[in-house]
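The values are calculated or read from the model by the stated rules, or taken from the named source; none is laboratory data. Since the model is a prediction, treat every value here as computed from it, not as a measurement. Cβ sites come from the backbone with ideal geometry, for glycine too, and all protein chains shown count toward neighbours. With ligands, DNA and RNA removed, areas are computed over all heavy atoms of the protein, side chains included. Shrake-Rupley method; radii C 1.70, N 1.55, O 1.52, S 1.80 Å.
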Amino acid sequence: MKIAVVGGGPAGMYFSLLMKKHEPRHEVTVYEQNPAGATYGWGVVFSDVALSFLKQADEAFFKKFTASHERCDYMEIVHDGVHVQLRNNHFSRVARIELLRVLREECIEAGVEFIFDARIDDVAQLGEPDLIVAADGGKSAVRTQFAQHFKPSFEQRRNMFAWYGTRQLFHPVSLIFRQTEHGVFIAHSYQYSKDLSTFLVEVDPDTWRRAGLDTLSDEESRRYCEQVFQPELGANGLMSNRSIWFSANIVSNEKWSHRNIVLLGDALRTVHFSLGSGTRMAMQDAIALYEAFLACGDDLPAAFAAFEHARRTSSADFQAAAARSLDWYENVQEKMAMDPVSFAYDYMRRTGRVSHEDLRQRDPEFVARYEALGGMAAGTAAH
């Protein structure tokens, strides 16, 4: 087949790699709107569960993919200045630019072609490929072109975010909750290379306005957030990379394919980063679409149907869990009066996907601390 992949992110590149490695005679071209090597953002994080599917799909690639990852087997919730450790929460972190580099080099070695600085606003620009994979992100131009067919829906969430980096190394994935005179500030932080950490700042819109962040420049916002989190940042400040405030726009689509076009990754559905699963979902999409073509050959309608059958339920489940996670974060002010251990317990149970018994198996010492504080009744009810 002649395959045009719009978007050089994890979803588009991993699908391209799998297809080309399986059938070298496929002509696979990736069209990426940014220059070669350009990336925005800092690091990405995977749970051990999120990496297991990659190992199953292609163990040789998995070893290259994870070679430079930073790893840690616990996370921390910082509430009221108290650090609560949660054991047996395994996370693997890597710079986004490194993730994309490994994928791109593997693709090129397999024979995938890349065209950079190529924004595709009209699929007519692609000529007449047999298959078009729209993997061009949450603001997908291909999806927009055929919006009447895909029928996308968008949900703008409340909280405001700014992505920063820092040289302060947060070895565990750390969630920091800081009560200020204006409201609660939250930092999602984790080391992703030998000398850098991601530091994502989150606030609700009322706190954001009361703190004056709606009127501050990017530089002033950065300095303000540095002051809020100075106890954790120490002598290290925050680093900006297009770190403008934004709110999450959750995307889903009624239809997943149209003619010879199929949506993939964030173009298909966004999963909020409070679950840390966006890149995982994108790459699982790529595997599922690849496996659909293995099963159905070049029968596009059959392959699209098989792909949707494989992914529709898990996609909806993840979005539902993400919505519950977002609700928790958006209402965190009312939880700040909890003691740090009960607060951490509430956080871990926020999506409904982790039971009391799950937590006990993962970290019995933490659950014992929770039950000793009077959480026994809640623990018993959770059984």
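Considering only residues that are in contact (Cβ under 8 Å) with a residue 60 or more places away in the chain and part of a loop (DSSP other than H, G, I, E, B), look in the range 171-189 and name the one that is most open to solvent (accessible area, probe 1.4 Å). Applying the filter and picking the extreme gives HIS171.
Condition test on ARG93, is it open to solvent by less than 10 Å² (accessible area, probe 1.4 Å) and either at positive phi or basic (Lys, Arg) (or both)? Yes, satisfied. I'm checking my understanding of the structure. Among residues of the range 224-241 that are in a helix (DSSP H, G or I) and among the aliphatic types (A, V, I, L, M), which one is nearest to ARG178 (Cα to Cα)? Here the answer is VAL228. Contact map, the range 302-325: first residue in contact (Cβ under 8 Å) with a residue 60 or more places away in the chain, second residue open to solvent by 20 Å² or more (accessible area, probe 1.4 Å), Cβ cut-off under 6 Å, separation 6 or more or different chains; pairs are ALA322/LEU275.
As a summary of the residue check, ASP122 satisfies the conditions (1) surrounded by 13 or more Cβ atoms within 10 Å (Cβ to Cβ); (2) in contact with a helix residue (DSSP H, G or I) (Cβ under 9 Å, 6 or more places away or on another chain) except for the one numbered (1). Comparison of ALA321, ALA344, ALA292, ALA302 shows that the only residue that is open to solvent by 30 Å² or more (accessible area, probe 1.4 Å) and either assigned to a helix (DSSP H, G or I) or under 20 Å from VAL82 (Cα atoms) (or both) is ALA302. Pick out the one residue from GLN156, GLN148 that is surrounded by fewer than 20 Cβ atoms within 10 Å (Cβ to Cβ), at pLDDT below 95, of a type in the set (S, T, N, Q) and within 30 Å of TYR31 (Cα to Cα). Matching residue, one of GLN156, GLN148: GLN156. A Cβ distance below 6 Å, combined with a sequence gap of six or more or placement on separate chains, defines the contacts here; from the range 220-237, residues that are open to solvent by less than 50 Å² (accessible area, probe 1.4 Å) reach residues that are modelled with pLDDT of 95 or more and of a type in the set (Phe, Trp, Tyr) in the pairs VAL228/PHE185. You will find that of PHE343, PHE293, PHE307, the residue that is in contact with a Leu (Cβ under 8 Å, 6 or more places away or on another chain) and hydrophobic (A, V, I, L, M, F, W, C) is PHE307 and no other. Filtered by the rule that a residue be of a type in the set (Lys, Arg) and assigned to a helix (DSSP H, G or I), the range 1-23 gives LYS20, LYS21. A single member of VAL354, VAL367 is open to solvent by less than 30 Å² (accessible area, probe 1.4 Å), free of Cβ contacts under 8 Å to residues at least 60 places away in the same chain and not in a helix (DSSP H, G or I), and it is VAL354.
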